[in-house]
Amino acid sequence: MTDRGFDLGDRLGEREEGDLRRHLDPTESVETRTRFAEDPKGGPPRFGEPALVFASNDYLGLAGDDRVQRAAETAARTVGTGAGASRLVTGDTHLHRALERDLADCKGCEHTLVFSSGYAANVGTVDALAPDVVFSDALNHASIVDGCRIGAGETVVYDHCDPDDFAARMAERERQADADESWLVVTDTVFSMDGDVAPLERLCDVADDHGAWTMADEAHATGVFGADGGGNVRREGLTDRVDVELGTLSKALGAQGGYVAGDEDLIEHLLNAARTFVFSTGLAPPAVGAAREALRIAGEGDRRERLWANVDPLRDGLEGAVFEVPGDSQILPVLVGDRDDVLELERAVRKRGIVAPAIRSPTVPEGTARIRVAPTAAHTGADVDACVAAFREARSR
């Protein structure tokens, strides 16, 4: 009989040979200092010595905040541990509606819709809009890429953060376009591996010139940028020019889930047509409660100031150790280039008690391997000094 199955052993072997095979290494807690265990497979984890974590997207340190944890507990006790069904069936609770009102206030828009994840929000939104053409930044997140694969008639990729190349590609497409084509421009506002910020206003200018809609992913900006943590779109005064704004509740807000923000027609269309919303159980109430409290803290407290007070000296220290650290955000990519060199650097800083991941192709382009360093508001000055010292020692060994 012909074997029409899948040789997954060979596939894993190929990943192993390319240093691309990944493992699940459990962590004891979501804190700035915690213990890790090597992948235990089916057994219990055996934790080693604690290490400082500079790899988390919990930028404001809210995942371990007592107030956020109490809000999650209260939601579980009063509403339930799970939503029980799709929100279009019975899973739409007063907590979901309250969070959506709070997000709309934070974003300065008419309405928001909460999804089970930021990934689901991106894929579901592009698919529901079903644009004839998407213009997508070359370094957009995988969830945007997958949304384009599923929902776009055609995807045109423009050079990273390059409004001139974007304008040229739009002009070229205009010459062959049908009059009734729908166009969508999609960009991250803060790029997760490069730490740079998209030139939103210039992108909006070009999009407006061609009558296209603009969609901005604020995953790494919500809670971090802007006077009230409203993100880059609001900080730059572009709320009325960005047609679709979305993001996640799982990074600076320390919870889980995603959201889309926009006008009433957009949200009504998505709750009817976004398959990742329609056919998914509603976001778990504890995550909703946690996100709502985290949003309040992010808007009212000093967490953002504490974060930036760690970002600047950490960047200065890494650059002082003769590392190249590009970007304009709380994400600090330490560029190395070579795949083997970046893995060696990752191991060296890990031996010195610092957890920061090596990022290499295909996550980033070949030859641009880097260590992604991400401080949080919960790190102390001593933690930052320890991180700099580990990189300095690893460089000079």
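At a Förster distance of 35 Å, what's the computed FRET efficiency of residue 210 paired with residue 92, Cβ-Cβ distance as r, to 0.05?
My answer for the efficiency is 0.40.
Would you mind telling me the antiparallel percentage of the DSSP bridges in segment 66-300, rounded to 5?
40
Tell me, 170, 193, 1 in order of fewest to most beta-carbon neighbours within 10 Å?
Ascending Cβ contact count within 10 Å gives the list 1, 193, 170.
Name the residues whose placed amide hydrogens come within less than 5 Å of the amide hydrogen of residue 247, ignoring near sequence neighbours (fewer than 5 apart) on the same chain.
HN-HN under 5 Å from residue 247: 218, 259.
Specify the inter-centroid distance of segment 248-289 and segment 185-210, based on alpha-carbon positions, in whole Å.
Rounded to whole Å, the Cα centres lie 22 Å apart.
Relative contact order (percent) for the chain, with alpha-carbon contacts under 8 angstrom and 6 or more residues of separation?
21
Please provide three numbers in whole Å: the alpha-carbon extents of segment 98-157 along the principal axes, with the largest listed first.
The Cα atoms of segment 98-157 stretch 36, 21, 19 Å along the principal axes, largest first.
Residues with beta-carbon under 11 Å from that of residue 59, excluding residue 59: net charge, scoring Lys, Arg +1 and Asp, Glu -1?
Here the count lands on +3.
What does DSSP give for segment 96-201 in terms of the percent of beta bridges that are antiparallel, rounded to the nearest 5?
Counting DSSP beta bridges with both partners in segment 96-201, the antiparallel share is about 10 percent.
Using bins 5 angstrom wide from zero, how does P(r) for segment 66-300 break down, in % of all Cα pairs?
Values per bin, smallest distances first: 1, 7, 15, 19, 20, 16, 10, 6, 3, 1, 1, 0.
Taking amide H positions as placed 1.01 Å from N in the peptide plane, with prolines and chain starts having none, which residues 5 or more places from residue 355, or on another chain, fall under 5 Å of its amide H?
It is 52, 53, 54, by chain and number.
For segment 188-198, just list the computed ³J(HN,Hα) in residue order, Karplus coefficients 6.51, -1.76 and 1.60, θ = phi - 60°, integers in Hz, with x standing in for Gly and Pro.
Working through the residues one at a time gives 5, 9, 10, 8, 5, 10, 9, x, 9, 10, 5 Hz.
Find the Cα radius of gyration of the chain, compare it with 2.2 N^0.38 Å by division, and give the number to two decimals.
Compared with the compact-globule rule of thumb, the chain sits at 1.01.
In nm, to one decimal, how far is the modelled label at residue 16 from the one at residue 302, with both set 7 Å along Cα→Cβ?
5.3
Placing one identical point scatterer on every Cα of segment 47-134 and ignoring solvent, what is log10 I(q)/I(0) from the Debye formula at q = 0.12, 0.18 Å⁻¹?
Ignoring solvent entirely, the Cα scatterers give -0.59, -1.11.
Over segment 302-381, what per residue volume does the convex hull of the Cα atoms give, in whole Å³?
Measuring per residue, one finds 94 Å³ for the Cα hull of segment 302-381.
Any idea what log10 I(q)/I(0) is at q = 0.20 Å⁻¹ for segment 226-339, Debye with uniform C-alpha scatterers and no solvent?
-1.18
Binned at 10 Å from 0, what are the whole-percent values of the Cα-Cα distance distribution for segment 171-236, short to long?
Whole-percent P(r) values from 0 Å outward: 20, 44, 24, 11, 1.
Over segment 66-300, what is the relative contact order in percent, taking alpha-carbon pairs closer than 8 angstrom and at least six residues apart?
In percent, rounded to a whole number, it is 32.
Give the percent of DSSP beta bridges with both residues in the chain that are antiparallel, rounded to the nearest 5.
In the chain, approximately 55 percent of DSSP beta bridges are antiparallel ones.
Per DSSP helix of 4 or more residues, -39500 (n - 2.57); summed, then divided by the residues of the chain. What does that give at 222 nm, rounded to the nearest 500?
-12500 deg cm²/dmol
Read-outs throughout are calculated quantities, based only on the coordinates presented, and are distinct from any laboratory measurement. For clarity, every value in this text was computed on a predicted model and none was experimentally measured. So basically every Cβ, Gly included, is an ideal-geometry build from the backbone, and we count neighbours across all protein chains shown.
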